[in-house]
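Before any comments, here is the structure.
Please treat every number below as a calculation from the coordinates, not as lab data. From a predicted model like this one, the values you see are computed outputs, not experimental measurements. With ideal geometry, Cβ positions are generated from the backbone for all residues, glycine too; neighbour counts draw on all protein chains shown.
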Amino acid sequence: MPSELPEGDLVTLGGDLQPSTVITAYRCGIFPMEATQLPGVLAWWSPDPRGILPLDQLRVTRSMRQSAKRYEIRVDTCFERVIRACAEMPREDGWISEAFIAAYTKLHELGWAHSVEVFDRHGRLAGGLYGVRVDGLFAGESMFHRMRDASKVALMGLVDLMGRSGMPLLDVQWCTEHLASLGAVAIARQDYLARLADAVEPAAVNTGSPAPASHFL
């Protein structure tokens with residue numbers, strides 16, 4: 001998350017992180033993240049412009065391809081380890097609190113949140129990413145690396161999984177310089193919402209507990 005956010009990106013403050021609340025927000029193009037300017041306050045965001053990574057535009061360098069040969073990609077084998085590793089990464093605007101870890105681990109248990117993990121040849125967790133899948137949308141939340149190119153290899157794995165699963169929309173929230181170097185682009189909010197509508201099915205009647213989304217594998 002960039003350190004200075006345009007005021008128009010903020011939708012509202014407050015609310016909760018119950019699964020039904022969070023999934024409904026993603027369906028509407030909104031996601032939760034604590035506001036660094038208001039510590040402890042839950043904020044809901046809809047960036048304009050919005051960062052997405054077109055699956056056919058991922059920039060895979062020779063270094064990334066070489067690194068991929070040294071790693072093994074797994075899915076959903078250690079979700080909580082991944083989100084905690086993302087929380088531990090040194091960032092200017094760290095926001096993955098225990099409340100977020102608990103909420104997204106619950107979403108994982110329900111089948112909504114997923115992790116892509118990268119292990120080295122000695123079975124050590126080298127990097128990974130996590131996010132939320134709603135039908136054809138994968139909302140990327142955060143990534144981390146402990147070894148060279150490991151988070152980029154996780155992204156390569158995610159793009160491959162999405163392609164094989166017929167998922168068209170990879171949301172990266174804000175198009176940072178790092179993400180742009182990997183192929184992410186910034187599009188207008190209305191364009192994003194139109195793509196989102198094509199990627200997700202109409203929400204079912206809320207019964208208080210969301211039905212789990214399909215697994216990648």
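Side notes on the structure shown:
- Selection of the range 37-63 for residues being of a type in the set (Val, Ile, Thr) and surrounded by fewer than 16 Cβ atoms within 10 Å (Cβ to Cβ) yields 41, 60, 61.
- Within the range 16-30, considering residues that are touching a helix residue (DSSP H, G or I) at 6+ places or on another chain (Cβ under 6 Å) and within 15 Å of residue 103 (Cα to Cα), the one surrounded by the fewest Cβ atoms within 10 Å (Cβ to Cβ): 17
- Single residue of 82, 60 found to be of a type in the set (Val, Ile, Thr) and in a helix (DSSP H, G or I): 82
- The lone exception for residue 141 - which of (1) among the charged types (D, E, K, R); (2) surrounded by fewer than 19 Cβ atoms within 10 Å (Cβ to Cβ); (3) in contact with a strand residue (DSSP E or B) (Cβ under 7 Å, 6 or more places away or on another chain) it fails: (2)
- Members of the range 62-73 that are of a type in the set (D, E, K, R) and farther than 12 Å from residue 120 by Cβ: 62, 65
- Filter pass, residue 102 being of a type in the set (Gly, Ala, Ser) and surrounded by 14 or more Cβ atoms within 10 Å (Cβ to Cβ): no
- Annotation: of all residues in the range 120-130 being of a type outside the set (Asp, Glu) and either touching a Leu at 6+ places or on another chain (Cβ under 8 Å) or in a loop (DSSP other than H, G, I, E, B) (or both), the one that is surrounded by the fewest Cβ atoms within 10 Å (Cβ to Cβ) is 122.
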